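The structure appears below as structure tokens.
The values are calculated or read from the model by the stated rules, or taken from the named source; none is laboratory data. The shown structure was predicted, so the numbers you read here are calculated from the model rather than taken from an experiment. Glycine gets a Cβ as well: all are built from the backbone with ideal geometry, and neighbour counts include every protein chain shown.
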Amino acid sequence: MSVLVVVTLLLVIAVAVTAWSVKARSRWAGNGLLVGAVGLLMWGWLLVAAAGAGFAGWMWLTFGLAQAVVVLVGWLTARWMGDALPGVDGRGWFHLSTVVAAAELLSLGAGAVVTVLQAVRHIGDGGDDSRFSLVVIGSAGLLLWLTAVGSMIRFLRDVGAGRRRRTPDRADAVIVLGAGLVNDRVSDLLACRLDRGAAAWQTITRHRPASSTPLIVSGGRGADEPCPEAEAMHRYLASRGFPRGAVLEEDQATDTTENLHFSLDLLQQRGVRNPFVVVCTSDFHVLRTERIVAMLEAERGDNGVPFRAVVLGAPTPKPAIPASYLREYVALTIHRLIGRA
């Protein structure tokens, strides 16, 4: 029991440190390692509990098979990413470690199944109270695992719907949300957002004067970026032949809420009232952006500056899909629970 208490204490400390690190240093490559360490400590807790309940052999076998699967997932992901390792955006290893850490956490579902089955099997052999507790804990863990997998499947379905959404025929502006840069250039992920925004602008301006429909590129300068994202976004569009006069730079925003707030303020300064805007972001980011849009529609409406918006999803570059989808799924879950992420 004393060993189980020590492992539990270490697990609590690891979870707290990981939560702080992910929030304070969201782009730090070590975050994936921290999450993976939390997963291994959870496995350690199950192994110690199984030893005390008399079925350590089964749990060690399950743990070994689970780690083999985690290694396989890491290898397949590295093959999937290909030339993106070590990373055209400098974060390739971070993306890979994120996927491996998620696989480690998901592998705990196998541990939960074995815990429940073996604890039920050994009830009646003595120590029934502790084994009953393991049945309860294992069942709760398995239910949590099934809920997470089910909600992930639903998330992937909704991501596809956002990517397939059609551009409306009319709008007062197109807003493209920024993302991290590679030195002073847009990343492949951000380029996809800009391409979707440019295509949306071209669709809309078939039905109204181009001069009355700006394309707003929104993104400030991060601590690790040499210039504002909006500046790099504007340069990318110009290099593709997009008319410079149609682009407005919003170069102060540091998150999605500010992207939208500050871009709408630009339209208000130009005399556009009650605008209907098209917001372009990555497909995986559409759901959280829509939640933020709904919050801002209520807030700005109460302040007498209403707007309406539709959010379009741009395809995510293949190497970035695994990590981007996983990180956004977690961020969206947090946003649903506490209203921000």
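Taken as a whole, the range 213-222 holds no residue that is touching a Phe, Trp or Tyr at 6+ places or on another chain (Cβ under 7 Å) and more than 21 Å from residue 275 (Cα to Cα).
From the list 156, 190, 181, the one residue that fits, being surrounded by fewer than 20 Cβ atoms within 10 Å (Cβ to Cβ) and within 19 Å of the chain's Cα centre (by Cα), is 156.
Quick check: is even one residue across the range 39-58 within 30 Å of residue 181 (Cβ to Cβ) and either at pLDDT 85 or above or within 17 Å of the chain's Cα centre (by Cα) (or both)? Explain how you work it out, then say what you get.
Initially, the range 39-58 is screened for residues within 30 Å of residue 181 (Cβ to Cβ), giving none.
No: the range 39-58 contains no residue that is within 30 Å of residue 181 (Cβ to Cβ) and either at pLDDT 85 or above or within 17 Å of the chain's Cα centre (by Cα) (or both).
Among the residues of the range 104-129, just one is small (Gly, Ala, Ser), buried (at least 17 other Cβ atoms within 10 Å of the Cβ) and either at pLDDT below 90 or in contact with a Lys or Arg (Cβ under 7 Å, 6 or more places away or on another chain) (or both), namely 119.
I'm checking my understanding of the structure. Among residues of the range 236-266 that are in contact (Cβ under 8 Å) with a residue 12 or more places away in the chain and over 22 Å from residue 307 (Cα atoms), which one is surrounded by the most Cβ atoms within 10 Å (Cβ to Cβ)?
Initial filter on the range 236-266 (in contact (Cβ under 8 Å) with a residue 12 or more places away in the chain): 236-237, 240, 242-243, 245-254, 256-264, 266.
Now narrow it down to the ones that are over 22 Å from residue 307 (Cα atoms): 236-237, 240, 242-243, 245.
On the way: 236: 18, 237: 24, 240: 11, 242: 18, 243: 13, 245: 9.
The residue in question is 237.
Go through the range 232-253 and give me each residue that's hydrophobic (A, V, I, L, M, F, W, C) and farther than 19 Å from residue 212 by Cα.
To start, the set of residues in the range 232-253 that are hydrophobic (A, V, I, L, M, F, W, C) comprises 232-233, 237-238, 242, 246-248, 253.
Once the filter is applied, which keeps residues that are hydrophobic (A, V, I, L, M, F, W, C) and farther than 19 Å from residue 212 by Cα, the range 232-253 yields 232, 233, 253.
The residue list 160, 150 contains one member that is part of a helix (DSSP H, G or I), among the small types (Gly, Ala, Ser) and under 24 Å from residue 115 (Cβ atoms), which is 150. Filter the range 267-291 for residues that are buried (at least 20 other Cβ atoms within 10 Å of the Cβ) and farther than 17 Å from residue 314 by Cβ and give the result. 267, the sole residue that qualifies.
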